[in-house]
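The values are calculated or read from the model by the stated rules, or taken from the named source; none is laboratory data. Note that the structure is a prediction, hence the values are computed from the model and not measured. A quick note on method: Cβ atoms are made from the backbone with ideal geometry, for glycine too, and the neighbour counts reach across all protein chains shown. For the accessible areas, the whole protein counts, side chains as well, though only heavy atoms, and no ligand, DNA or RNA atoms are used. Shrake-Rupley method; radii C 1.70, N 1.55, O 1.52, S 1.80 Å.
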Amino acid sequence: MSAGELLPEIEAVLREGLASKGRVLWLTGAGISAESGVPTFRGEGGFWRVDSREYRPEELATWRCFSSMPDAVWGWYLYRRGICRAAEPNAAHRALASLEATLGDRFCLVTQNVDGLHLRAGNTLERTYQIHGNLDFMRPVDGPGGPVLIPAEVGTKWAKNSWIDSRTRSLLTMPDGRATRPHILWFDESYDDNNYRVESAAALATKCSLLVVVGTTGNTNLPLHIGRVAAQRGVPILVINPEENPFSQMVSTGGVFHLPGTAGQWVPAVAERLDELAGDGDSGDGDSGDADSG
Ligand code: NAD
């Protein structure tokens, strides 16, 4: 699939989105990383043994579990981080990094993914709203500060079912000596703007002139909210997903187009065409004055 093969109605949507001079908002979920081989962590391989007990991911990914056995939960996150670090950004991630370089402040990306692949492909932290966090970062358990990158000395490989040792614990400490936690939104926590920039991410729905939704089932509140607000404003929406989902079901409301296929099939083509149209001068003069600095 190449940019030149996009259907005329998709071409029209891209032109309309750029002509309106608002932001070009991308919303991504686990599907965009599927072709990089990042697993869901919820299957059989996602279990974690502590002493003789097996824990489910839904139990481990909680403040409650972290507060009772931080060394084991940190071990689980370092293991998951190792899997993500062994994966490489795919063509869809790279296409979005290239598009940001062209569009500048007109580009924004809200992702549910915690694998860090968008940043590793070259998207900037400033314009990437990681609403569920990022496995590469840690932040203090208490008080202000962070998130900061996990130090390189921690390494990128971690054995399954192993706890962090005292050396790793000291590496996973803030410079002022405070203990840290993974920079991940847990199941028993709520979205907050301070750590995850969720209000800023939600506000993007009121500023965008095009929304492209890639590889998410839309089961969480914020992505659905962004889709609904954009649809109510009459913003054109493209949904890239091999399967039907709440976003693709909005097609019947008009202005929403479902591209049934994978991120690898469609994202490079769509991003490349936006890139060309912006280069042709269809990107307007932008509204970068209200960029969120987060
Ligand atoms: P999900 O697993 O619920 O849904 C994935 C979606 O991607 C599905 O709609 C599926 O049809 C689609 N999909 C599968 N392969 C695809 C492909 N090649 N191209 C495009 N789409 C494809 O994911 P979600 O909606 O993001 O929600 C899951 C939650 O779990 C999120 O909170 C997310 O943070 C977390 N999660 C993150 C990662 C990651 O960081 N890579 C991986 C798994 C889960």
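How many percent of Cα pairs in the chain exceed 25 Å? Considering the chain, 48 percent of its Cα-Cα pairs are separated by more than 25 Å.
Out of every Cα-Cα pair in the stretch 156-225, what percent are more than 15 Å apart? Result for the distance tail: 72 percent. Here's the picture: charge each Lys and Arg Cβ at +1 and each Asp and Glu Cβ at -1 in the stretch 8-119, and of TYR55, ALA92, SER33 the one pushed furthest to the positive end of that dipole is TYR55. Semi-axes of the equivalent ellipsoid for the stretch 103-243, computed as √(5λ) from the eigenvalues of its C-alpha gyration tensor and ordered from largest down, come to 32, 16, 14 Å.
Expressed to the nearest 5 percent, the antiparallel share of DSSP beta bridges inside the stretch 1-154 is 40 percent.
Across the stretch 86-239, the relative contact order, built from alpha-carbon pairs under 8 Å that are at least six residues apart, equals 18 percent.
On average, how much area does the Cα convex hull of the stretch 41-188 cover when viewed from any direction, in nm²? Approximately 9.6 nm², given one-decimal rounding. Under 5 Å between amide hydrogens, built in the peptide plane, is the criterion, and for TYR55 it picks out TRP48, ARG49, VAL50 among residues at least 5 positions away or on other chains. For the pair THR220 and GLU59, label points projected 7 Å from Cα toward Cβ lie 2.3 nm apart. The accessible area of TYR55, taken with all protein chains in place and a 1.4 Å probe, comes to roughly 40 Å².
Rounded to the nearest 20, the Cβ-based charge dipole of the chain about its Cα centre (Lys and Arg +1, Asp and Glu -1) stands at 820 debye. Beta-bridge orientation, the chain: approximately 30 percent antiparallel, per DSSP, counting only bridges with both partners inside. Measuring nothing but protein heavy atoms, the accessible surface of the stretch 157-264 at 1.4 Å probe radius is 52 percent carbon and sulfur. Note on LYS207: lysines with a C-alpha under 23 Å away, same-chain residues under 8 apart excluded, are LYS21.
Using 1/(1 + (r/R0)^6) with R0 = 45 angstrom and r between the beta carbons of TRP163 and ARG228, what's the FRET efficiency to the nearest 0.05?
The formula returns an efficiency of 0.55 here.
Estimated from the Cβ-Cβ distance and a Förster radius of 25 angstrom, the FRET efficiency linking GLN249 and LEU125 is about 0.15. If all Cα-Cα distances of the stretch 183-278 are sorted into 5 Å bins from 0 onward, what percent lands in each bin, rounded to whole numbers? With 5 Å bins starting at 0, P(r) equals 2, 12, 21, 21, 20, 15, 7, 1, 0.
Viscosity 1.567 mPa s, temperature 4 °C: Stokes-Einstein D of the stretch 53-122 from its Kirkwood Cα radius, in µm² per second?
So the translational diffusion coefficient is about 90 µm²/s.
Please express the shape of the stretch 107-181 as an equivalent ellipsoid: the semi-axes are the square roots of 5 times the eigenvalues of the C-alpha gyration tensor, given largest first in whole angstrom.
24, 16, 10
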